[in-house]
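Structure record follows, encoded as structure tokens.
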Amino acid sequence: MAPRAVFVGAPGAGKSTIGAAVAQLLGVPFADADAIIEVDAGKPIPEIFIDDGEEAFRALERRTIAEALESFDGVLALGGGAILDDGTRELLRKQTVVYLSVELSDAVKRVGLGAGRPLLAINPRATLKYLLDQRKPLYAEVATHTIKTDGREPDEIATEVAGILRG
């Protein structure tokens, strides 16, 4: 068993919104790795970062994703930093991965001032630019399909992705 598709991309790319819409169009379940982590940890991700640190969060994330890739057969959205882990990227090479690309200007509009996003708490625009520059090559490395999201509506993108996945 493996997910029908795994969504990756930067904060603000639309992984959860578009992933859920694609799952609905395909008639399969949707799961968000960050939501699973919050349930398992019993607290929101910002609190995990504050209480336990980023390293503890990344360990939870790595374990959650590995389990989901083995047991979940729907559409799975990953957190923006999940691809930083070498082991996770290796696991993703065996999956159908949809990389939702977003440029800085659209990402900033969508993310806002980073409320609830621990890595964007200080100087969100500069931090988001740094994250995009750092992570874009990693998203591209694991991508089966790359979809540009800039200036587009989620429903339009979801319809395109569902068509590709049905293909």
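Every number in this text was worked out from the coordinates using simple rules, so none of it is lab data. All values reported here derive from a predicted model rather than from experimental measurement. Reconstructed Cβ throughout: ideal geometry from the backbone, glycine too, with neighbour counts over all protein chains shown.
The modelled label-to-label distance between residue 133 and residue 39, using points 7 Å beyond Cα along the C-beta direction, is 3.8 nm. Note that the stretch 50-60 has calculated 3J(HN,Hα) couplings of 5, 6, 10, x, 5, 4, 5, 4, 4, 5, 4 Hz, one per residue in order, obtained from phi through the Karplus relation 6.51 cos²θ - 1.76 cosθ + 1.60 (θ = phi - 60°); glycine and proline are x.
So if each residue of separation counts as 0.36 nm, and I subtract the Cα-Cα distance between residue 103 and residue 159, what length gain in nm does that give?
Details: separation 56, 0.36 × 56 = 20.16 nm, distance 2.08 nm.
Value of the extension gain: 18.1 nm.
Among 63-73, 5-15, 42-52, how do they line up by average Cβ neighbours within 10 Å per residue, starting with the highest? Before the final figure, lay out the partial values.
Details: 63-73: 16.3, 5-15: 26.6, 42-52: 14.6.
Peptide ranking by packing, descending: 5-15, 63-73, 42-52.
From largest to smallest, the equivalent ellipsoid semi-axes obtained for the chain from the alpha-carbon gyration tensor read 23, 20, 14 Å. Compared with the alpha-carbon gap, the fully stretched path from residue 56 to residue 140 is longer by 27.7 nm at 0.36 nm per residue.
Computed per residue of the chain from DSSP H runs no shorter than four, each worth -39500 (n - 2.57), the mean residue ellipticity at 222 nm is -17500 deg cm²/dmol.
When both the stretch 132-167 and the stretch 47-90 are represented by their alpha-carbon centers, they are found 19 Å apart.
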